[in-house]
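Participant: I'd like to ask some things about the structure below.
The values are calculated or read from the model by the stated rules, or taken from the named source; none is laboratory data. From a predicted model like this one, the values you see are computed outputs, not experimental measurements. Cβ placement follows ideal geometry from the backbone for every residue including glycine, while neighbour counts extend to all protein chains displayed. Surface accessibility is based on the protein's heavy atoms, side chains included, excluding ligands, DNA and RNA. Shrake-Rupley method; radii C 1.70, N 1.55, O 1.52, S 1.80 Å.
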Amino acid sequence: MLNFFRENKWQITVLTLIIVILYSFGISGPLFWDDESFILENASVHTFTWSNISYIFTHSAISGSGLSSNYYRPLPQFTFLLNYVTTGTNPIPFHVVNDLLHLINGILIYYLIFRWFKNKRIAFLTSLLFLI
């Protein structure tokens with residue numbers, strides 16, 4: 001895996017720079033829209049307890065807000081929990097963590113497409129399309 005990063009460092013660097021440039025404009029934006037039910041009104045992400053962690057992994061993403069849905073997103077909800085208990089409702093850490101996770105997924109897409117097609121151009125364009 002480390003060898004993959006060495007051989008593709010320029011493509012990964014360009015993808016990272018593009019994301020930093022594109023997403024930097026929204027870093028300081030407020031929490032809004034679905035952030036209310038996912039974070040601000042969701043009691044399951046407000047305190048770090050084993051019961052909240054268990055709740056996050058066994059219930060829908062917005063059930064902690066008193067709403068019902070079948071939208072199951074335990075890993076993002078867990079990151080919201082970590083963000084909330086460390087930085088409160090400051091939107092910058094929420095945006096930074098989510099953007100980093102998005103970038104990691106984009107690099108993973110690059111890796112998988114490259115492994116399947118053995119073509120750096122296809123892998124790069126696919127990853128770029130996903131990231132943008």
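Participant: What is the number of the single condition among (1) under 30 Å from residue 7 (Cα atoms); (2) in contact with a helix residue (DSSP H, G or I) (Cβ under 9 Å, 6 or more places away or on another chain); (3) of a type in the set (A, V, I, L, M, F, W, C) that residue 104 does not meet?
Facilitator: (2)
Participant: Looking at region 59-81 only, could you name the residues that are over 21 Å from residue 104 (Cβ atoms), touching a helix residue (DSSP H, G or I) at 6+ places or on another chain (Cβ under 8 Å) and of a type outside the set (Gly, Ala, Ser)?
Facilitator: 59, 62, 67
Participant: Just to confirm my filter: which helices (runs of 4 or more DSSP H) fall fully inside region 60-132 and include at least 1 residues that are touching a residue at least 24 places away in the same chain (Cβ under 8 Å) and within 27 Å of residue 50 (Cβ to Cβ)?
Facilitator: 74-87, 91-117
Participant: Applying the selection to region 2-51, what residues are in a loop (DSSP other than H, G, I, E, B) and acidic (Asp, Glu)?
Facilitator: 34, 41, listed by residue number.
Participant: What's the number of the only condition in (1) open to solvent by less than 60 Å² (accessible area, probe 1.4 Å); (2) touching a Pro at 6+ places or on another chain (Cβ under 6 Å) that residue 30 fails to meet?
Facilitator: Residue 30 satisfies all of (1) open to solvent by less than 60 Å² (accessible area, probe 1.4 Å); (2) touching a Pro at 6+ places or on another chain (Cβ under 6 Å) except (1).
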